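Reviewing the structure listed below.
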């Protein structure tokens, strides 16, 4: 039922400037895939190429095994939700939802049925007669999603759909979109620069940088086994700590500790440790640094410690529960060696 | 120096203990001083003449002897016993009804072409705008007369195909149309405004519509045109007022007569004849007020109906 998507060496160039450098990716039927990356990484461009809004300049796009490079956007069986919502301001919500169906010359009764159903799913029935300008941001977002639902597409594309909403609404809509995916079961691709959205919603995360896939995989796989420094730094919040270190065979030496890792590293290396994997209690792991505590944030459920190593590198520690840590004190930091990451001079993870 | 003074008094919260009027004078005098040229212009050249023409429209006045009060006589004559007035009304309405929609349609068409992201857009934009700057001038009207004359450029061109064209200007069937074409040719200023309006329509509307399968044709009628209605509305009003006021081309091309057989007797031309040909200033004033009333009525009607067809974004 659901639809698969395959990208084979997909390329995009504007004149001489190549922005997508041969992307290979397979999206399984029914998967919720999230393209994530910093601004300008090409994630929206890639989505628009799949949508048919940007011409593909190289490689193949296959939807359900069929080459779609030159197929017009309307015939690809996709619907897209835009960041700006792109609602037609002069039409009522009903007309906005019905526009695509009327364009397809669907019978009025069928249009009515589909619009009602979409409105029910999204709980926007009372809004059908209103104009977009009379709606709040969250309601507009629902209408934009509704416009995608009524067309009963094979694939849903979302281009940063929540970035214009406030934080609270963003979390609520995130949950609703995830639910919608569970209910409808369609293949969906979602573009965001927010790694939390990516982690919480995705079956598969695709991390992009400068038109290249840095890593693709399940959220926890990316969290636990980042392939390089970029992915390690991008996934997870607060960010992974990076300390300059030197590889000495099976151990990694930092300014004032030697950490036995059981992985072979030589020469200049970077030690990567997630803030939540660090403890300040002796005997809970191997010591890797001495820290001077700069600032402590008590969040109730967590305590965040901002510190500096003795050789002047910043480090963030997240401790579970409410802890008493004195600002200005010097403490030793420990980590379970199995949870630490090491990257070589090229920034690639050493496994 | 005065400006500095104003800045310092408004900046400090302490106000010296003077009378209210003195304070207002102190604070606002420089402002009024700057407004003075406009006030002189408005009261001396606009409001004053308007009020006196309103008075004169109820009089008989030949500029030489003092005006004689005739009550509503001028207006009564206009609507009951003046075939030339009726003719000028017909000509003017014909001109407005045809020239405005055609000009707007043409301006929108060119704006749509230019909006397709072509190279050299600033150059074309400037070239197309040029006629608007020149159009109402005497020189262009004279040129127009040459082009549409019996042995003019148009007929020379037609003769290449063996067609013997009429003298467009001296034939009452065509003379008004040459003026309408001249008006359409001055499509530059509405075009520039249309172009700016088209630029305001977000690109993702069209992307959403193309994903919905809407053809370019449907996109134009269902998205471009509705979203452009505020600009259409503005252009329609401005151009209609312009068209009602149109004078120079008709004056030059018909040599100030409105001929042949009153076929180019624009309302303003008739008004001019009455005022400065026959020195019937009272009657001419009445004509001017009727024109003002017509334009005002049209504009009011447009505003009243606008809520049914003009879509504002927010």
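The set of residues in the stretch A:136-153 that are more than 22 Å from the chain's Cα centre (by Cα) and closer than 25 Å to residue A:106 by Cα comprises A:140, A:143, A:146, A:147, A:149, A:150, A:151, A:152, A:153. Comparison of B:233, B:279, B:251, B:244 shows that the only residue that is in contact (Cβ under 8 Å) with a residue 60 or more places away in the chain and within 14 Å of chain A (Cβ to nearest Cβ) is B:233.
Is the stretch A:140-150 home to any residue that is more than 26 Å from residue A:2 (Cα to Cα), modelled with pLDDT of 90 or more and within 14 Å of chain B (Cβ to nearest Cβ)? Before the answer, list the steps.
Here is the first cut: in the stretch A:140-150, the ones more than 26 Å from residue A:2 (Cα to Cα) are A:140.
Still in the list and also modelled with pLDDT of 90 or more: A:140.
Of the ones still in play, those that are also within 14 Å of chain B (Cβ to nearest Cβ) are A:140.
Yes, that holds for at least one residue.
For residue A:316, the criteria (1) assigned to a loop (DSSP other than H, G, I, E, B); (2) in contact with a helix residue (DSSP H, G or I) (Cβ under 9 Å, 6 or more places away or on another chain) hold in every case but one, which is (1). Filtering the stretch B:272-308 to residues that are surrounded by fewer than 23 Cβ atoms within 10 Å (Cβ to Cβ), modelled with pLDDT of 90 or more and farther than 30 Å from residue B:226 by Cβ leaves B:272, B:288, B:289, B:290, B:291, B:292, B:293.
Rundown of residues vs (1) crowded, with 19+ Cβ neighbours inside 10 Å; (2) under 21 Å from residue B:309 (Cα atoms), yes/no style:
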| position | (1), (2) |
| --- | --- |
| B:178 | yes, no |
| B:187 | yes, no |
| B:218 | no, yes |
| B:222 | yes, yes |
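What about residue B:101, is it more than 26 Å from residue B:291 (Cα to Cα) and assigned by TED's automatic domain parsing to the domain that holds residue B:187? No: the conditions fail for residue B:101. All of (1) at pLDDT 90 or above; (2) out of contact with any helix residue (DSSP H, G or I) (no Cβ under 6 Å at 6 or more places or on another chain) hold for residue A:121 with one exception: (1).
State yes or no: is residue A:133 under 21 Å from residue A:48 (Cα atoms) and either more than 9 Å from chain B (Cβ to nearest Cβ) or more than 22 Å from the chain's Cα centre (by Cα) (or both)? When the stated conditions are applied, residue A:133 does not pass them. The set of residues in the stretch B:244-266 being part of a helix (DSSP H, G or I) and either modelled with pLDDT of 90 or more or out of contact with any helix residue (DSSP H, G or I) (no Cβ under 7 Å at 6 or more places or on another chain) (or both) consists of B:244 alone.
Just one of the listed residues (A:20, A:50) is touching a strand residue (DSSP E or B) at 6+ places or on another chain (Cβ under 9 Å) and closer than 10 Å to residue A:208 by Cβ, namely A:20.
When you scan the stretch A:233-245, do you find a residue that is under 23 Å from residue A:44 (Cα atoms), part of a strand (DSSP E or B) and touching a strand residue (DSSP E or B) at 6+ places or on another chain (Cβ under 6 Å), even just one? Within the stretch A:233-245, none of the residues are under 23 Å from residue A:44 (Cα atoms), part of a strand (DSSP E or B) and touching a strand residue (DSSP E or B) at 6+ places or on another chain (Cβ under 6 Å).
When we screen B:295, B:310 for residues that are touching a residue at least 24 places away in the same chain (Cβ under 8 Å) and more than 14 Å from chain A (Cβ to nearest Cβ), the only hit is B:295.
Looking at A:86, A:74, A:109, which one is assigned to a helix (DSSP H, G or I) and within 13 Å of chain B (Cβ to nearest Cβ)? Reasoning before the result, please.
Working: A:86 fails: assigned to a helix (DSSP H, G or I); A:109 fails: within 13 Å of chain B (Cβ to nearest Cβ).
Matching residue, one of A:86, A:74, A:109: A:74.
Number of residues in the stretch A:16-58 that are within 14 Å of chain B (Cβ to nearest Cβ) and either surrounded by fewer than 16 Cβ atoms within 10 Å (Cβ to Cβ) or in contact with a helix residue (DSSP H, G or I) (Cβ under 9 Å, 6 or more places away or on another chain) (or both): the value is 6.
The values are calculated or read from the model by the stated rules, or taken from the named source; none is laboratory data. As the structure is a prediction and not an experimental result, all values here were calculated from the model. Cβ atoms come from the backbone with ideal geometry, glycine included; neighbour counts cover every protein chain shown.
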